[in-house]
Amino acid sequence: MLESTPAALPGALLFVDVDTRDPQHISDSFVQLRRLSASGLGNVGTVVVRWPGTSAPDDAEAVAALEDLDRQLGELRVAAATGVASANIGDSHSIRWSAVDSDRRSGSASDREVELASLIGNGRALWQPEQYHYRLPSGRHSGSFVRLADAVRTIRDADVLAWWLLGDVAEATGVVIDTSTIVPIVLALRSQCAAAGIQIGGMQSLHSYPATLPEFTKAIREVSVSNAPVLALLSVSSTGTLRQRLATALRSMVDDHWRMHVFVDKLGTGATDFDGSLGDLVGNSCTWFCPEVVDFRRNESSAESCSLCKSDKRSRVVQIDPRSFDGLVLPDPELVMPDIRFAERSRDFWRICDDADALALDVEPHPSSAPFRPHRFTMGVRVDFDPLLTSADVENTVGPNGPADSTDASAESSPLQDAVSDYLRGCTENDPAMFLTQAQLFVGIASEFQRAEGAGEHFFRSVLEAVAPGVDVCSVAADVERIPDDISAQIVERERICIVSLGVVTGASLHSILACIQHVRRQAHRPAAEVGALTVHLRPPSHRERETIVNPFGSGRFLAVYESLLPYGRSPIKDEQDYLNSLSHWPEIEASEYYRARLDYLREGLLDARENMGIFWAMDKDDPVVMRPGSWYGESLSGLASLVAVGSAVQRRRHTQASPGTVPEWRQFEIPSIFRSYYDPFILASLIRWLQPEECWWGRDVNSSAQIVQELLNGYNSEADRRLIVGELLLAAALGKVPTPAIAVLRDSASAMVNSVSSESASSALKLGLAILDREYAEPSV
């Protein structure tokens, strides 16, 4: 006798497995009940004998077994209902109850649920960590995860699960499973069928997750033979999408000759049998187990709306491997800092952009580049090159009748033009610059405004004089579908061509012009030209996207004057806006004047951070609005430019490529070192803004975070600097970036400043931050 369900609670179900029909063996199995503890047996409400083989016992066998079992339980003073359960291949399971329990009606679905729940509990297959949460193979985040493979720890575990499947198999039945981790169950099923003289068909496991409809169709086609049925097994159904997709494929491939068993349904309401309660799955699908100990609806969400990502205790994310369904996590993080060397290379570019008001956050792309941007995103950071091509002197030459002749209007060089020219003069020895000196034609990509004003082509001609004086330069629109005839004629005659672009985000416009150039030459029956590219500012989101942009041009034929790594989509300012919007139903917060003013400021899109209330919390219009001189990130940058420059250095460090052959790295930013390395409040505020909660490492003991925050605040003597940092940390705490032990220090500092600061708007900001802390951290621990 082997115990299947622990008798831990009153009314527990106990399975007794017997290996043969020999009466003496069965009697000996019942004697083993005495080995169980008296307290455990006292909680047993039902004992079911699992009959061996694949056919039901005859009346004499069943009666003899039940009488012997009732006698043994009576001697142990256990008052439990008794029955004999049997499985028949191709037929439903049946339970015959003893004479005294003849009125008992136990559904096989509920008994099956109890047994699987026991195996999941014993195998610790339900993961509920306290220090992190999961990113599921579907991309959703969850505080819990069920790995069915952990419930199968022994051969017997696989046997008993396979036993419940015998009613849905026949000769040549094909089997489709969603993950190879449950292959042991299928092997046990095959063995039990073989013992009964039944040979089931082939088995196919999905190779990826989530699977597409064609993948399901292919798997079903591989296992289906003539009119034989198909048995589908899903380990876990989370959102129901995979279940519905598999059912659709089964209906289209094998009509009604299929059955689907879902072992665990995270969002279901209870175990079901083939009763048609699943709507369009009409009687062909059943659910074994729906965990009640976890509210999966509350614990699972999309990555964008995940509340656990903002938790100071569980913000760390562990990826679930879609092949093994194991957690992927390294024991210790690699501690990193922002890449200041990378930041230094672009510091002049950010200063030029800042002076020209060319930066914006969370706005629509420039109309000329909008077709090439991901449609679902606004641009988290946008660089507008139109103002960068025109100096202040040129703007003053525009009269009441519009600009003068484009050649005259562009006579004055812009700061960007000077910087790019100086760079090109100083790098003629590297391979991409050597290609520029050998190019026979330059094709510039310019916006409609730049082409109409002549500023784009003038810029290209001016900077290229440094490396290729006298070479022909022309310009085309970014979204051109057909290159004009006059430019096509030049392309046909030139063998070495260079595409020139002001800014590159996705590389789509570069690649489009490259394709047009080669098409023109192919139409003229000319061999493909050697085409290179020069761009002023290259800003993909990661190294992988950079490779995608550069690869079509080959080795040594791509040159970027300035490089940054910046995310495609939202900036961290959008996180603030979304969070503040979520507080609108709290009267004490909604009543805050600063709250309403802040939302209005954020809704307008951040085009100029020098105006209004400033980009950071608790700033005042009379505060210094630039970064301190001498920074690695830029010279005297505004808050907006500081945020962009620092964000690029953070993104660069996130995506620093690991050495070939090394294991994946879990990178976290070392907050104690960051706080001790930077003093400028704009830099620190920008860093805090860009980091996500799971990226912040506060030390091996989070209790030290209180001292870290206190040391940081003690280092500021200026009221303006101190309240800016306190204000930003209040917001960071609300977003889950500050550990709970540091909250008390932050609360005390903010409370002390509320009535003493000279700025009324800053005081309102601190009051709002404290109100949010009261809401999010009602009982902070120290």
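The values are calculated or read from the model by the stated rules, or taken from the named source; none is laboratory data. Quick caveat: nothing in here was measured; it's all calculated off a predicted structure. Don't worry about glycine lacking a Cβ; one is built from the backbone with ideal geometry, like all the others, and counts go over all protein chains shown. Calculation scope for accessible area: heavy atoms of the full protein, side chains included, ligands and nucleic acids excluded. Shrake-Rupley method; radii C 1.70, N 1.55, O 1.52, S 1.80 Å.
In Å and from the alpha-carbon atoms only, list the Rg and Dmax of segment 659-782.
15.2, 57
Could you give the nm distance between label points at residue 437 and residue 710, where each point is 7 Å from its Cα heading toward the beta carbon?
6.2
Roughly to the nearest percent, how much of the accessible area of segment 692-777 is carbon and sulfur, given a 1.4 Å probe?
Values: 1350 of 3090 Å².
Here carbon and sulfur together make up 44 percent of the probe-accessible area.
On alpha carbon coordinates alone, what is the Rg over Rh value for segment 535-576, Rh being the Kirkwood radius? Can you show the working numbers first?
Working: Rg = 12.7 Å, Rh = 11.6 Å.
Answer for segment 535-576: 1.09.
Residue 318's amide H: which non-local residues (gap 5+, or another chain) put their own amide H closer than 5 Å, with H modeled 1.01 Å from N in plane and none for Pro or chain starts?
133, 134, 135
At 4 °C and 1.567 mPa s, what whole-number value in µm²/s does Stokes-Einstein give for the translational diffusion of segment 18-69, with Rh from the Kirkwood sum over Cα pairs?
On the way: Rh = 12.1 Å.
The calculation lands on 107 µm²/s.
Quick one: Kirkwood hydrodynamic radius for segment 488-569, alpha-carbon pairs, angstrom, one decimal? Mind dumping the intermediate values first?
Values: mean 1/r = 0.0755 Å⁻¹.
Kirkwood radius, segment 488-569: 13.2 Å.
Starting from the eigenvalues of the Cα gyration tensor, five times each then square-rooted, give me the equivalent ellipsoid semi-axes of segment 465-601, largest first, whole Å. Could the numbers behind the result be given before it?
Working: eigenvalues 421, 47, 38 Å².
Ellipsoid semi-axes (Å, largest first): 46, 15, 14.
Enumerate the amide H contacts of residue 479 below 5 Å, restricted to partners 5 or more residues apart or on another chain; note that Pro and chain-start residues carry no placed amide H.
Excluding prolines and chain starts, which carry no amide H, there are no hits.
Quick one: pull the percent of accessible area on segment 104-236 belonging to carbon and sulfur, 1.4 Å probe, ligands and nucleic acids left out. Show your work: numbers first, answer last.
Details: 2710 of 5250 Å².
Of the solvent-accessible surface of segment 104-236, carbon and sulfur hold 52 percent.
Using only the Cα atoms of segment 107-196, construct the convex hull and provide its projected area averaged over every direction, in square nanometres to one decimal.
Computed as one quarter of the Cα hull surface, the answer is 7.2 nm².
If the cut-off is 26 Å between C-alpha atoms, which lysines fall inside it for residue 574, apart from same-chain ones fewer than 8 positions away?
Cross-link targets: 310, 313, 621, 737, 767.
With θ set to phi - 60°, apply the Karplus curve 6.51 cos²θ - 1.76 cosθ + 1.60 along segment 697-713 and write out the HN-Hα couplings as whole Hz, x wherever there is a Gly or Pro.
My calculation for segment 697-713 gives 10, 9, x, 5, 10, 5, 5, 6, 4, 4, 5, 4, 5, 5, 5, 4, 5 Hz in order.
What number does segment 664-721 give for Rg over Rh if you use C-alpha atoms and the Kirkwood radius?
Values: Rg = 12.2 Å, Rh = 12.3 Å.
Taking Rh as the inverse mean 1/r over Cα pairs, Rg/Rh reads 0.99.
Could you list log10 I(q)/I(0) for segment 127-257 at q = 0.10, 0.12, 0.14 Å⁻¹, which the Debye formula gives when each Cα is one point scatterer?
Each listed q corresponds, in turn, to -0.35, -0.50, -0.67.
Lys and Arg at +1, Asp and Glu at -1: add these up for the other residues within a Cβ distance under 11 Å of residue 306 and post the number. Provide the component values of the computation, followed by the final result.
Working: positive: 135, 140, 310, 314; negative: 300, 304, 694.
With Lys, Arg at +1 and Asp, Glu at -1, the net is +1.
Taking only protein heavy atoms and a 1.4 Å probe, what accessible area per residue, in Å², does segment 650-768 have with all protein chains in place?
Details: 4600 Å² over 119 residues.
Each residue of segment 650-768 exposes 39 Å² on average to a 1.4 Å probe.
Using a Förster distance of 25 angstrom, determine the FRET efficiency expected from the C-beta separation of residue 248 and residue 225, and round it to 0.05.
Values: r = 21 Å, r/R0 = 0.85.
Plugging the Cβ-Cβ distance into 1/(1 + (r/R0)^6) gives 0.75.
Quick check: net charge around residue 774, other residues with Cβ under 10 Å of its Cβ, Lys/Arg +1 and Asp/Glu -1?
On the way: positive: 747, 775; negative: 588, 776.
Net local charge, residue 774 excluded: 0.
On full extension of the chain, what length is gained from residue 21 through residue 676, given 0.36 nm per residue of separation minus the C-alpha to C-alpha distance?
On the way: separation 655, 0.36 × 655 = 235.80 nm, distance 7.60 nm.
Length gained, residue 21 through residue 676: 228.2 nm.
How large is the direction-averaged shadow of the alpha-carbon convex hull of segment 415-485, in nm²?
On the way: hull surface 21.3 nm².
Over every viewing direction, the Cα hull of segment 415-485 projects on average to 5.3 nm².
R0 = 45 Å: FRET efficiency of residue 304 with residue 171, Cβ-based, nearest 0.05? Present the calculation step by step, with values, prior to reporting the outcome.
On the way: r = 50 Å, r/R0 = 1.10.
Plugging the Cβ-Cβ distance into 1/(1 + (r/R0)^6) gives 0.35.
What FRET efficiency would be calculated for the residue pair residue 94, residue 130, taking the C-beta separation as r and a Förster radius of 41 Å, to the nearest 0.05? Mind dumping the intermediate values first?
Values: r = 44 Å, r/R0 = 1.07.
Approximately 0.40, to the nearest 0.05.
With each pseudo-label sitting 7 Å past Cα toward Cβ, what's the residue 427-residue 758 distance in nm, one decimal?
Placing both labels 7 Å along Cα→Cβ, they lie 4.5 nm apart.
Could you tell me what a quarter of the Cα convex hull surface of segment 719-782 works out to, in nm² with one decimal place?
Numbers: hull surface 14.9 nm².
Averaged projected hull area, Cα only: 3.7 nm².
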